[in-house]
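Remarks on the structure that follows.
The values are calculated or read from the model by the stated rules, or taken from the named source; none is laboratory data. None of the values given here were measured: they were computed from a predicted structure. Methodologically, a virtual Cβ is constructed for each residue, glycine included, from the backbone with ideal geometry; neighbour enumeration extends over all protein chains shown. Surface accessibility is based on the protein's heavy atoms, side chains included, excluding ligands, DNA and RNA. Shrake-Rupley method; radii C 1.70, N 1.55, O 1.52, S 1.80 Å.
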Amino acid sequence: MERREFLMAAAAMAAAAPLGAAPAPAGIALPGAINRGGRQRMLSQRSAKAWLMSVLGVLPDRARSILDQTVTRFDQQLADLKTQLPSDEVRILLAQLESEWSRYRPLLGDIRSDPKAVWDGNEAVLGVAHKLTVAYEKAFGSPSGHLVALAGRQRMLSQRMAKAYFFRQLNVNAGPAAEMLDQATKEFAKAQAELRGAATNSPQINTELGLVDQQWFFFQNALVLKEGVDPKRAAADVATTSERILEQMDLVVGLYEKLAAR
C-alpha cells in the first residue's frame, strides 16, 4: 500500500518537474546519451498522447501540464545530446532530429492542428530518435548499453500504446492505431521478459522490474475496451496508468545507466 501511494505521489509530482529533469553535466557520458536519446523517443509519443488528451477533453489540466513538460524536456535534451558527439553518424542524426522536431513542435500548440499531421510528425521524430539512440549504443559498444536502450524503449512503448488508444478513440487512423497498439503490447511484453532475464541485474533492478510488472497488469486492463464502461472514464484510466508505468520504468532505466557507467 505504501508503494502504491508513493507511485501515485510521484505521478502527481511530475506536474511540478519534467520527467527525469536532472541538470546535464558538461559533456554527458555515453550511457547518459543512450538514456537521453531513448527518452527523446518516449517524448515523441508522450507529446502526441498529451495533445490527444487535450483534443478529447481527457484530464485537460493534466494534459496541458504533461505537454508543457514534454516540449520543454525535449528541447533541453537536444542541447544535452550536443555535448556528446562520438561519431559523424550521431552528428547527422542529431541535426535530422532537430529538423523533424522543428516541424512537429508547432502542431502541439494548437488543438485545432490536423490529427493526421500530428500522427505523421510524431512518427517522424520517433524514427530519427530511435536511429540516434542506436548510434549512441553502437558507439558505447557494451552489452550494458543495450540494456539501457532496451529499458528506455519500454518507456516509449508505454506512451505509444496510450497514443494509439487515443487515436483510435478519436477515430483518426483507427485501423493503423489498433495495429500499433497490438504490436506495441507484444513488444513490451517480450522486452520485459528479456530485461527480467538479464544476468547483470542487481537485486534492486529486479525489485523495480517486479513493480513494473504490477503496473503493466493495470495498464493492460485499462487498454482493453470494455462494454458498458464510460469512454471518458476509460480514457482517463489509460492516461493515468500510462504515466504510472512510465514513472516506474524511468527508475529502471536510471539504474541500468548507473550500471553501465561503472
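What the table below lists for this structure:
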quantity	calculated
Hits in segment 217-234 (condition: out of contact with any Phe, Trp or Tyr (no Cβ under 7 Å at 6 or more places or on another chain) and buried (at least 17 other Cβ atoms within 10 Å of the Cβ))	Phe219, Ala222, Ala234
Selection status of Arg46, surrounded by 24 or more Cβ atoms within 10 Å (Cβ to Cβ) and closer than 20 Å to Lys258 by Cα	no
Verdict on Ser113 being touching a residue at least 60 places away in the same chain (Cβ under 8 Å), over 18 Å from the mean Cα position of the chain (by Cα) and over 17 Å from Ser47 (Cβ atoms)	no
Set Gln69, Gln96, Gln76, Gln84: member being open to solvent by less than 30 Å² (accessible area, probe 1.4 Å) and not hydrophobic (A, V, I, L, M, F, W, C)	Gln69
Which numbered condition Glu179 fails, given (1) open to solvent by 40 Å² or more (accessible area, probe 1.4 Å); (2) charged (D, E, K, R); (3) touching a helix residue (DSSP H, G or I) at 6+ places or on another chain (Cβ under 7 Å)	(3)
First in segment 82-99 and touching a residue at least 12 places away in the same chain (Cβ under 8 Å), second anywhere and open to solvent by less than 30 Å² (accessible area, probe 1.4 Å) and of a type in the set (S, T, N, Q), Cβ under 8 Å, 6 or more apart	Leu97/Gln40
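Listed here are the residues, each with its yes/no results for (1) in contact with an Asp or Glu (Cβ under 8 Å, 6 or more places away or on another chain); (2) over 22 Å from Ala29 (Cβ atoms).
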{"site": "Asp61", "(1), (2)": "no, yes"}
{"site": "Ile66", "(1), (2)": "yes, yes"}
{"site": "Gln69", "(1), (2)": "no, yes"}
{"site": "Leu85", "(1), (2)": "no, no"}
{"site": "Glu89", "(1), (2)": "no, no"}
{"site": "Ser113", "(1), (2)": "no, yes"}
{"site": "Val118", "(1), (2)": "no, yes"}
{"site": "Asn122", "(1), (2)": "no, yes"}
